[in-house]
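The values are calculated or read from the model by the stated rules, or taken from the named source; none is laboratory data. Computed from a predicted structure; not experimentally measured. In this analysis, Cβ positions are derived from the backbone assuming ideal geometry, glycine residues included, and neighbour counts consider all displayed protein chains.
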Amino acid sequence: MMMLAAVATMNTRDTKDEDDDVACVCQQPLQALFETVPGVDRVVAADVVGNAFQIDAAELEGHDFWTFPISLAALLRTDLSKLPQAPLHYLHATPQRIEAWTRRCADHAYGMLRVGLVWRGNPRHHNDADRLLPDLATLAPLWSVRGVRFFSLQAGSAGQAALAPPPGQPLLHLGSESADFADTAAALDAMDLLICVDTSIAHLAGAMAMPCWVLLPQYRTDWRWLRDRDDSSWYPTGMRLFRQARRGDWAGVVERAREALTAWTERDP
């Protein structure tokens, strides 16, 4: 799944006959999802060429400021003490898509814990060699946990591995059925848990306040996951971080995830 950038613009004119207006510019696969964000008045889809949005300036006429969302924390002078501690749920799947994806999964996991898996991200990411899993077989220890049904939410060519998983790894592949991020959100809504590497779906799960376990590399860990902690300040509900003890040691990370998953099934059979 690609990490797709977005730009927020806002109108803050101090007039009695004109309300503040927040518009969001994003790539098309994000449009339907971002339309569910409270407080966003308009979502504009645009292509990106050379890391720049291709958009007619008239589309945003009348706005006074623009910023990348990832810069908002700095612009608002946010620190860890100011982050909300209450559950955050600001991205939503639509009811129609939830119904369709729930039906799609229902016959495959009756009475079982539903766990989505993503083991690769955008290959153009600067640290992709360290943050991705070598292959689907790296997750093999998870299949020993009883009472769990696994679903591949892996997008792109990497998801093809889920169509013919290694022996002993029963897996239903759903990733190629997602048309956009709104579909991915609905697929997540049908899961009890997401286990993934550091890629965009982790942030989507966090924004949906759903349980998500992120497998993190030891080398050049993304700054948003901070250091030396197994939770996330950005996503105070359901997020758990499993960090490599040493560079390249995915076996240790997956084993700790297996132990945690076993504990979950034993606690909630």
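What's the total number of residues in the stretch 55-105 that are of a type in the set (A, V, I, L, M) and more than 18 Å from ALA209 (Cβ to Cβ)?
The qualifying residues number 12.
Keeping to the stretch 24-42, report how many residues are more than 17 Å from the chain's Cα centre (by Cα) and in a loop (DSSP other than H, G, I, E, B).
Residues that pass the stated criteria total 4.
Note down all Cβ pairs under 6 Å where the first residue falls in the stretch 183-199 and is farther than 12 Å from PRO95 by Cα, the second is among the polar types (S, T, N, Q), and they're at least six residues apart or on different chains.
THR184/SER178
With the requirement that a residue be out of contact with any Lys or Arg (no Cβ under 9 Å at 6 or more places or on another chain) and small (Gly, Ala, Ser), what does the stretch 185-217 give you?
Result: SER200, ALA202, ALA205, GLY206, ALA207, ALA209.
This table checks each residue for (1) more than 30 Å from THR138 (Cα to Cα); (2) outside the structural domain of HIS203 (by TED's automatic domain parsing); (3) in contact with a Cys (Cβ under 7 Å, 6 or more places away or on another chain); (4) touching a residue at least 60 places away in the same chain (Cβ under 8 Å).
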| residue | (1), (2), (3), (4) |
| --- | --- |
| ASN51 | yes, yes, no, no |
| PRO69 | yes, yes, no, yes |
| ALA73 | yes, yes, no, no |
| PRO87 | yes, yes, no, yes |
| CYS105 | no, no, no, yes |
| ARG114 | no, no, yes, yes |
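Quick check, is ALA32 at pLDDT 90 or above, surrounded by 10 or more Cβ atoms within 10 Å (Cβ to Cβ), out of contact with any Cys (no Cβ under 9 Å at 6 or more places or on another chain) and outside the structural domain of ALA185 (by TED's automatic domain parsing)?
Yes.
Of a type in the set (Ser, Thr, Tyr), closer than 25 Å to PHE181 by Cα and in contact with a strand residue (DSSP E or B) (Cβ under 8 Å, 6 or more places away or on another chain) - does that describe any residue in the stretch 217-226?
Filtering the stretch 217-226 for residues of a type in the set (Ser, Thr, Tyr) gives 219, 221.
Still in the running and closer than 25 Å to PHE181 by Cα: 221.
Next, from what is left, pick out any that are in contact with a strand residue (DSSP E or B) (Cβ under 8 Å, 6 or more places away or on another chain): 221.
Yes; the residues of the stretch 217-226 include at least one that is of a type in the set (Ser, Thr, Tyr), closer than 25 Å to PHE181 by Cα and in contact with a strand residue (DSSP E or B) (Cβ under 8 Å, 6 or more places away or on another chain).
Only one of these is surrounded by 14 or more Cβ atoms within 10 Å (Cβ to Cβ) and either modelled with pLDDT of 80 or more or polar (S, T, N, Q) (or both): ILE70, ILE98. Name it.
ILE98 is the lone residue from the list that is surrounded by 14 or more Cβ atoms within 10 Å (Cβ to Cβ) and either modelled with pLDDT of 80 or more or polar (S, T, N, Q) (or both).
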